[in-house]
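Right, I'll just put the structure down here and ask away after.
Read the figures in this text as sums done on the coordinates, not as results from a lab. In this text the structure is predicted, and so the values were computed from the model without any measurement. Here the Cβ positions follow ideal geometry from the backbone for every residue, glycine too, while neighbour counts run over all protein chains shown.
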Amino acid sequence: MEEKDTQVLGISTDARPTQVAYAASVGSIPYPLLADFEPKGAMSKLYGVYNEERGTANRSVFIIDKEGIVRWKQEFGNAADIDPKAIMAEIDKL
């Protein structure tokens, strides 16, 4: 991602200890994980992806430029639906 001058971040509504345990269970995650936990889902709500019924954020990918403008957004049913190549193609359009 460095050659694209791009940073990947993971954000979830889980508490930090839960994120650490998850990362350990999958053998580590190669990007920072941020907690949208307190207040629960505050950032997810701002970005319109918080699911009140489940109390979690919908799985989503955002491309945000250096000025903080959302250039692309997509929500996914599950992690298997996320296509990294399609996301890279969107980044290439910037």
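Would you check which residues across the range 64-81 are more than 17 Å from residue 44 (Cβ to Cβ) and among the aliphatic types (A, V, I, L, M) and list them?
Of everything in the range 64-81, those that are more than 17 Å from residue 44 (Cβ to Cβ) and among the aliphatic types (A, V, I, L, M) turn out to be 69, 80.
Would you point out which residue out of 28, 12 is of a type outside the set (Lys, Arg) and either at negative phi or surrounded by 11 or more Cβ atoms within 10 Å (Cβ to Cβ) (or both)?
Details: 28 fails: either at negative phi or surrounded by 11 or more Cβ atoms within 10 Å (Cβ to Cβ) (or both).
Residue meeting the stated conditions: 12.
Small (Gly, Ala, Ser), surrounded by 14 or more Cβ atoms within 10 Å (Cβ to Cβ) and either closer than 18 Å to residue 74 by Cα or in contact with a Gly (Cβ under 9 Å, 6 or more places away or on another chain) (or both): which single residue out of 41, 48 fits that description?
Result of the check over 41, 48: 41.
For residue 11, indicate whether it is in contact with a helix residue (DSSP H, G or I) (Cβ under 7 Å, 6 or more places away or on another chain), without any contact (Cβ under 8 Å) to a residue 60 or more places away in the chain, of a type outside the set (Gly, Ala, Ser) and within 15 Å of residue 62 (Cβ to Cβ). I'd like the intermediate steps shown before the answer.
Details: in contact with a helix residue (DSSP H, G or I) (Cβ under 7 Å, 6 or more places away or on another chain): yes; without any contact (Cβ under 8 Å) to a residue 60 or more places away in the chain: yes; of a type outside the set (Gly, Ala, Ser): yes; within 15 Å of residue 62 (Cβ to Cβ): yes.
Spelling it out, residue 11 is indeed in contact with a helix residue (DSSP H, G or I) (Cβ under 7 Å, 6 or more places away or on another chain), without any contact (Cβ under 8 Å) to a residue 60 or more places away in the chain, of a type outside the set (Gly, Ala, Ser) and within 15 Å of residue 62 (Cβ to Cβ).
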